[in-house]
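Engineer: One structure is given below, represented as structure tokens, and several questions about it will come after.
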Amino acid sequence: MEVINLIEILKAVILGIVQGITEWLPVSSTGHMILFDEFLQLNMSQAFISTFLVVIQFGSILAVLTIYFKKLNPFDGSKTQKQKRDTIDLWTKVLIAVIPSGVLGVLFDDKIEEVFFNSTVVAIALIAYGII
């Protein structure tokens, strides 16, 4: 039983390495995670795998927030009033831009996952965008 757990931990580490490398490259880190999961096949429940694929990206998100915190913080005391307004304008635009995709994601989450989150679609998309 311990060998199986060790193998699953090793698979998780490999997926973490893939995530860490592809997050900073101009490629789809999520797409690569889906492809690697197709080959490594984590022997866990689907709920665990879905959660793992989201949580494993948290480190990358935290790194980006750490690096850009000062630039994205409209309340930074060292910013001029114009810089603060520009930052608030940026956040306003981001929030407005997210609304349509958020609504569509909530309404069609299951269908989107069913159609697009499989290795065939991901591989075709990565190849097509790589050629473009």
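The values are calculated or read from the model by the stated rules, or taken from the named source; none is laboratory data. Remember, it's a predicted structure, so these values are computed and weren't measured experimentally. Cβ placement follows ideal geometry from the backbone for every residue including glycine, while neighbour counts extend to all protein chains displayed. Accessible surface areas use protein heavy atoms only, side chains included; no ligands, DNA or RNA. Shrake-Rupley method; radii C 1.70, N 1.55, O 1.52, S 1.80 Å.
Engineer: How many residues does region 49-90 contain that are surrounded by 12 or more Cβ atoms within 10 Å (Cβ to Cβ) and among the aromatic types (Phe, Trp, Tyr)?
Structural biologist: So the count comes out to 1.
Engineer: Counting only residues that are more than 17 Å from Val54 (Cα to Cα), loosely packed, with under 10 Cβ neighbours inside 10 Å and hydrophobic (A, V, I, L, M, F, W, C), how many does region 95-122 have?
Structural biologist: Number of matching residues: 2.
Engineer: Could you grab me the full set of residues in region 87-132 that are at pLDDT 95 or above and charged (D, E, K, R)?
Structural biologist: Asp89, Lys93 - these are the residues of region 87-132 that are at pLDDT 95 or above and charged (D, E, K, R).
Engineer: Could you list, ordered by first residue, the pairs with Cβ atoms under 8 Å in which the first is in region 26-40 and in the same structural domain as Gln57 (by the TED database) and under 14 Å from Ile124 (Cα atoms) and the second is surrounded by 19 or more Cβ atoms within 10 Å (Cβ to Cβ) and not β-branched (Val, Ile, Thr), at least 6 apart or interchain?
Structural biologist: Close Cβ pairs (under 8 Å, with a partner that is surrounded by 19 or more Cβ atoms within 10 Å (Cβ to Cβ) and not β-branched (Val, Ile, Thr)) amount to His32/Gln19.
Engineer: Can you name the helices (runs of 4 or more DSSP H) wholly within region 34-132 that have at least 3 residues being hydrophobic (A, V, I, L, M, F, W, C) and over 27 Å from Leu15 (Cβ atoms)?
Structural biologist: Numbers: elements: 46-55, 58-72, 81-116, 119-131.
In region 34-132, 81-116 are the helices (runs of 4 or more DSSP H) which contain 3 or more residues that are hydrophobic (A, V, I, L, M, F, W, C) and over 27 Å from Leu15 (Cβ atoms).
Engineer: Could you please tell me which pairs satisfy a Cβ distance under 6 Å, a separation of 6+ or placement on different chains, a first residue in region 9-23 that is without any contact (Cβ under 8 Å) to a residue 12 or more places away in the chain, and a second residue that is open to solvent by less than 70 Å² (accessible area, probe 1.4 Å)?
Structural biologist: From region 9-23, the pairs are Thr22/Ser29; Thr22/His32.
Engineer: Right, another one. Within region 1-17, restricting attention to residues that are among the hydrophobic types (A, V, I, L, M, F, W, C), part of a helix (DSSP H, G or I) and at pLDDT below 85, which residue is surrounded by the most Cβ atoms within 10 Å (Cβ to Cβ)? I'd like the intermediate steps shown before the answer.
Structural biologist: Keep residues of region 1-17 that are among the hydrophobic types (A, V, I, L, M, F, W, C), which gives 1, 3-4, 6-7, 9-10, 12-15, 17.
Okay, now just the ones that are also part of a helix (DSSP H, G or I), so 3-4, 6-7, 9-10, 12-15, 17.
From what is left, the residues that are at pLDDT below 85 are 3-4.
On the way: Val3: 7, Ile4: 9.
In this case the residue turns out to be Ile4.
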